[in-house]
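Accompanying notes for the structure given below.
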Amino acid sequence: MSERFKYSLSGVYRCENFAQHLAQNNFPTFPIVPIGTVGRIAGWYMILQKSVIDNQTFVYPFMHCYDKPQVKIHSFFNILGKDGKSIFRIFGDIVLEKEFGPYGKDMNILDVLNEKNGYLDNGTLSIEYGIHVDGIEGVDGIWKFNFNDKLFNPKDTLTIEYKDAKDGSLKVFYCHRQLLRFHSSLFSNQVNNFISTRTEDRLIDECLQIAHGVRIPLDRTERSFGINLKGTYSNTVFPSVKRNI
């Protein structure tokens, strides 16, 4: 299985007729490929950028989102050659400021066009990509966890299920078991899934942020609230996670 499937947003970017795009000088505005949403942040896209270093021309893969906050991410790029063989892989684990995005290795144009190197498959340059958002900085400067996507380390996952207040659909928050256990022994190793009696995703998220150790100011909380959690494999009803004003 490809490494990219560890990431909550992943795929394969294909630049067909690479040599033709290069000859027409379509870079860096073509091709732009929308790739979706991660961490509830929509508008991510993939593109090939061109750079000139010491009179040599390079291209590199680049993921970006025009309207995003500062985020803590894991990223992955893998250049796929002929027959799907990996030429090289790049892993990232960084904090991205608002105007930046993760990027892969610079590839010399002459190396890419040289058929002996195997970059192009029938004229197409293919690049696997993956991105996962661990944390998001709010407008107030407070960092919060991303519970909306599966964890980068799935072995540490504890899930909270709830019914959406708007449409009644089943939704899931993906939480860090070890952090919850650190703050409360009620989240035992024996139970992997809990069901919330609340349906307001914002309040559930707020409770879980506090339970994970995020220091949310008291005046940010509209009222004293909590979430009753029932373990799927247990009849025990866990007390509310509360923060009083």
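Toward the positive end of the charge dipole of the range 100-139, about the Cα centre and with charges on Cβ (Lys, Arg +1; Asp, Glu -1), which of Ile109, Gly138, Ile127 goes farthest?
Among Ile109, Gly138, Ile127, the one farthest towards the positive end of the dipole of the range 100-139 is Ile109.
With N denoting the number of residues in the range 1-138, provide Rg(C-alpha) divided by 2.2 N^0.38 Å, to two decimal places.
Numbers: Rg = 14.9 Å, N = 138, 2.2 N^0.38 = 14.3 Å.
Cα-based Rg divided by the globular estimate yields 1.04.
Going by C-beta contacts inside 10 Å, put Met107, Met63 in order with the fewest on the left. Don't skip to the end; give the middle numbers.
On the way: Met107 21, Met63 25.
The order, fewest Cβ neighbours first, is Met107, Met63.
Take the residue pairs Lys6/Lys144; Lys72/Lys105; Lys105/Lys155 and return only those whose Cα atoms are more than 23 Å apart.
Numbers: Lys6/Lys144 21 Å; Lys72/Lys105 20 Å; Lys105/Lys155 30 Å.
Correct reply: Lys105/Lys155.
Explain nothing, just the number: relative contact order of the range 1-145, from Cα pairs under 8 Å at least 6 residues apart, as a whole percent. Please report the intermediate quantities before stating the final value.
Numbers: 307 pairs, mean separation 42.6, N = 145.
Answer for the range 1-145 is 29 percent.
Given charges of +1 on the Cβ of Lys and Arg and -1 on the Cβ of Asp and Glu, with all other atoms neutral, how large is the dipole of the range 110-158 about its Cα centre, in debye to the nearest 20?
Details: 4 positive and 9 negative charges, 31 e Å.
Dipole about the Cα centre, nearest 20: 140 debye.
Would you mind working out the magnitude of the charge dipole of the range 3-137 relative to its Cα centre, with +1 at each Lys and Arg C-beta and -1 at each Asp and Glu C-beta, to the nearest 20 Debye? Walk me through the intermediate numbers first.
On the way: 13 positive and 15 negative charges, 45 e Å.
Here the size comes out at about 220 debye.
Could you state the number of Å between the C-alpha centres of the range 109-171 and the range 66-83?
The distance from the Cα centre of the range 66-83 to that of the range 109-171 comes to 8 Å.
Excluding same-chain residues fewer than 8 positions from Lys171, which lysines have a Cα within less than 17 Å of its Cα?
Answer for Lys171, where 17 Å is the Cα cut-off: Lys150, Lys163, Lys230, listed by chain and number.
Given 0.36 nm per residue, what is the gain on full extension from Arg202 to Ile53 after removing their alpha carbon distance, in nm? Working shown, then result.
Working: separation 149, 0.36 × 149 = 53.64 nm, distance 4.75 nm.
Value of the extension gain: 48.9 nm.
Laboratory data are not the source of any read-out in this text; all were calculated from the coordinates shown. Remember, it's a predicted structure, so these values are computed and weren't measured experimentally. Backbone-built Cβ (ideal geometry, glycine too); neighbour counts: all protein chains shown.
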